[in-house]
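Undergrad: Starting off with a structure, shown below.
FYI, it's all coordinate maths here, none of it is from the lab. If you're wondering where the values come from, they're calculated on a predicted model, not measured in any experiment. We place every Cβ from the backbone using ideal geometry, glycine too, and count neighbours over all the protein chains shown.
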């Protein structure tokens, strides 16, 4: 099997145009990464409750396309909630609308994280999904590496560490 030809670098004007979108997307991905594991673990604990254990067993036994449909369900169910939140923002209820959007984002991340954990073996049996997942993972890691190497990210890490040290000193005194 041969490797694909090397990609030409993007023109400077296109990189400048895409830069804000890449940062917004990177921040969204970082939020998802931050919340993915803890939220998934929380739902896994809930999943050990008797009724939920049965449901999780059912989910893990789904065939690939049924697992795909279930995996897409949280996004479809939360879309009307997010649209209602945008409507509230348009009606002058910005704080309430923003709180609803943030809550929907956290709940959606938790559900998608848990569903992906449960359905991943079935989803990976779909060749096209496995290929897309591999490409997504490589692209996401490259984007996050670029963000983590940036000056704002490094400066933020330094500030975070300084605040943690200050907090630790303050709580000890």
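Undergrad: Using Cα springs under 10 Å in a Gaussian network model of the chain, which residue among 94, 67, 155 shows the largest mean-square fluctuation?
TA: Among 94, 67, 155, the largest GNM mean-square fluctuation belongs to 155.
Undergrad: Comparing 18, 73, 115, which has the greatest mean-square fluctuation in the GNM of the chain with Cα pairs linked when under 10 Å apart?
TA: 18
Undergrad: With a/c under 1.5 counting as rounded, go ahead and sort region 80-139 into rounded, prolate or oblate using the C-alpha gyration tensor (a ≥ b ≥ c being the square roots of the eigenvalues; past the cut-off, prolate if a/b is larger than b/c, else oblate).
TA: prolate
Undergrad: Which residue, 121, 50, 74, has the most motion in a Gaussian network model of the chain that connects Cα atoms within less than 10 Å?
TA: 50
Undergrad: Would you list the P(r) distribution for the chain, with all Cα-Cα distances sorted into 10 Å bins from 0 and each bin expressed as a whole %?
TA: 8, 22, 30, 27, 11, 2, 0
Undergrad: Can you give me the Cα centroid spacing of region 114-151 and region 24-75 in angstrom?
TA: Comparing the Cα centres of region 114-151 and region 24-75, I get a distance of 15 Å.
Undergrad: Can I ask one more? With a ≥ b ≥ c taken as the square roots of the eigenvalues of the C-alpha gyration tensor of region 126-173, please select rounded if a/c is under 1.5 and otherwise prolate if a/b is larger than b/c or oblate if it is not? List each step's numbers first, then the result.
TA: On the way: a/c = 9.73, a/b = 2.69, b/c = 3.62.
Cα axes put region 126-173 in the oblate bin.
Undergrad: Tell me what the chain gives for mean residue ellipticity at 222 nm when only DSSP H runs of n ≥ 4 count, each as -39,500 (n - 2.57), the sum divided by the residue total, rounded to 500 deg cm²/dmol.
TA: Working: 6 runs with 148 residues, N = 173.
Counting only the DSSP helices, I get -30500 deg cm²/dmol.
Undergrad: Right, something else. Which order do the peptides 78-84, 99-105 take when ranked by the mean count of other beta-carbon atoms within 10 Å per residue, highest first? If you can, show how the numbers build up before the last one.
TA: Numbers: 78-84: 13.6, 99-105: 15.4.
Going from most to least packed, we get 99-105, 78-84.
Undergrad: Just to be sure I understand the model, the point goes 7 Å from the Cα along the line to the Cβ. What's the resulting residue 53 to residue 128 distance in nm?
TA: 3.8
Undergrad: To continue, here is another question. Please report the relative contact order for the chain, taking Cα pairs under 8 Å with a sequence separation of at least 6, and give it as a percent rounded to a whole number.
TA: Relative contact order, the chain: 28 percent.
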